[in-house]
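J.: Following this message is one structure expressed as structure tokens.
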Amino acid sequence: MKLAFAGKGGVGKTTLAALTADYLARLGHDVWMVDADTALSLGQASGLSRAELPAPLVQREELVRERIGMGLLNLNPEVRDLPASLAVDVPLGSPPLPGRRAGTKRLLVMGSVSAAGGGCACEANALLKAVLAHLVLEQGTHVVVDLEAGVEHLGRGTASHVDGLVVVSEPSRRSLETAADISRLARELGVLRQVLVLNRDPGHAQVAGITELPATVVRVPVLAGLVERQLTDPSVLTLPESRAMDVLIQSMLHFLRSM
Ligand SMILES: Nc1ncnc2c1ncn2[C@@H]1O[C@H](COP(=O)(O)OP(=O)(O)OP(=O)(O)O)[C@@H](O)[C@H]1O
Ligand SMILES: [Mg+2]
């Protein structure tokens, strides 16, 4: 499956992307994790230390120049070799699920255009989009993309090959309005399979009255174990609530597959 996670800042995109990638790998799949978020935290949320994170793609100026050029941009660069050469292996949070082999997780850190080195934002963005498109278009792979707030990184061609968009929101009016905007933009790009994850839901949050939100809602409660864990450790894996989260993620994936 190719999944993208989007939503307003701080709503839980990275947390859910890290948990989903780990779940897929524990099911036996080989998963590409793509950090396309400004905060670059998918690796740390998956248990890597800062020192283990690769340099963001957008900051590799020579590589950007080599593949994209300067001025006259090559918008169709050769990128097939890049995922394997730029990614780092990420250990699974816990053993594979019963009866399954251990899959793998590999992390690619894209960075965001705003974080790109001086003056080459367009070039870096073109390379980022090309790598993302390559991963998403490749058949048979599993991809989990932690997006910046919106879906801008997914061009039209890439977006239509995403199997599912997970729009993450807190149960607040503002967060839900952003979620509705993202959902609409993604639909316009051709991403029709979408779920809304209502994160930190007290259980009774209403989403009525906001049109254009994904029709299917998965509710994730406040995870006390995560609140405690985050005081000392950025990893979101192996929480006391991990089993319950596996069940929620399984139902989220089931909804997306059956759309
Ligand atoms: N259900 C939850 N219960 C408790 N804490 C949570 C929950 N979901 C996320 N968090 C915590 O909230 C914080 C923000 O989550 P996260 O980093 O996943 O959000 P984000 O949408 O990726 O943010 P950003 O926009 O900065 O990238 C983290 O400290 C995370 O551990
Ligand atoms: Mg994030």
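J.: For the subset of the stretch 1-53 comprising residues that are buried (at least 18 other Cβ atoms within 10 Å of the Cβ) and of a type in the set (S, T, N, Q), which member is nearest to ligand 2 (Cβ to nearest atom)?
T.: Checked the stretch 1-53; the qualifying residue nearest to ligand 2 (Cβ to nearest atom) is THR14.
J.: Also, quick follow-up: Could you list, in sequence order, all residues of the stretch 224-241 that are within 15 Å of ligand 2 (Cβ to nearest atom) and surrounded by fewer than 17 Cβ atoms within 10 Å (Cβ to Cβ)?
T.: GLN230
J.: Is one or more of the residues making up the stretch 193-200 surrounded by fewer than 21 Cβ atoms within 10 Å (Cβ to Cβ) and either modelled with pLDDT of 90 or more or more than 15 Å from THR14 (Cα to Cα) (or both)? Reasoning before the result, please.
T.: Here is the first cut: in the stretch 193-200, the ones surrounded by fewer than 21 Cβ atoms within 10 Å (Cβ to Cβ) are 193, 200.
Then keep just the ones that are either modelled with pLDDT of 90 or more or more than 15 Å from THR14 (Cα to Cα) (or both); that gives 193, 200.
So far as the stretch 193-200 goes, yes, one or more of its residues are surrounded by fewer than 21 Cβ atoms within 10 Å (Cβ to Cβ) and either modelled with pLDDT of 90 or more or more than 15 Å from THR14 (Cα to Cα) (or both).
J.: Here's something else I'd like to know. Name the pairs: first residue in the stretch 15-39 and over 13 Å from PRO96 (Cα atoms), second residue more than 10 Å from ligand 2 (Cβ to nearest atom) and among the basic types (Lys, Arg), Cβ to Cβ under 8 Å, at least 6 apart or on different chains?
T.: VAL31/LYS105; VAL31/ARG106; TRP32/ARG106; MET33/LYS105; MET33/ARG106
J.: Need a quick list: helices (runs of 4 or more DSSP H) entirely within the stretch 166-259 having at least 1 residues that are under 17 Å from the mean Cα position of the chain (by Cα) and in contact (Cβ under 8 Å) with a residue 40 or more places away in the chain. Before you say what the answer is, go through the steps one by one.
T.: Working: elements: 173-189, 224-229, 242-257.
The helices (runs of 4 or more DSSP H) meeting that bar are 173-189, 242-257.
J.: Then there is this: Please determine whether any residue of the stretch 201-219 is hydrophobic (A, V, I, L, M, F, W, C), modelled with pLDDT of 95 or more and over 22 Å from GLY150 (Cα atoms).
T.: no
J.: How about the stretch 54-63: which of its residues are surrounded by 13 or more Cβ atoms within 10 Å (Cβ to Cβ) and farther than 28 Å from GLY7 by Cβ?
T.: To start, the set of residues in the stretch 54-63 that are surrounded by 13 or more Cβ atoms within 10 Å (Cβ to Cβ) comprises 54, 56-61, 63.
Result: GLU61, LEU63.
J.: Now a separate question. Please give the number of the condition PRO96 fails out of (1) closer than 17 Å to LEU147 by Cα; (2) at pLDDT 95 or above.
T.: Status for PRO96: all satisfied but (1).
J.: A further question on this structure: For the stretch 134-171, which residues satisfy the criterion of being more than 20 Å from THR14 (Cα to Cα) and either of a type outside the set (S, T, N, Q) or crowded, with 18+ Cβ neighbours inside 10 Å (or both)?
T.: Within the stretch 134-171, HIS134, LEU137, GLU138, GLY140, GLY155, ARG156, GLY157, THR158, HIS161 qualify.
J.: Name the residue that is nearest to VAL222 (Cα to Cα), counting only residues in the stretch 1-14 that are of a type in the set (Gly, Ala, Ser) and not in a loop (DSSP other than H, G, I, E, B).
T.: Here is the first cut: in the stretch 1-14, the ones of a type in the set (Gly, Ala, Ser) are 4, 6-7, 9-10, 12.
Still in the running and not in a loop (DSSP other than H, G, I, E, B): 4, 6-7.
Working: ALA4: 22, ALA6: 19, GLY7: 17 Å.
In this case the residue turns out to be GLY7.
The values are calculated or read from the model by the stated rules, or taken from the named source; none is laboratory data. Quantities reported herein were computed from a predicted structural model and do not represent experimental measurements. In this analysis, Cβ positions are derived from the backbone assuming ideal geometry, glycine residues included, and neighbour counts consider all displayed protein chains.
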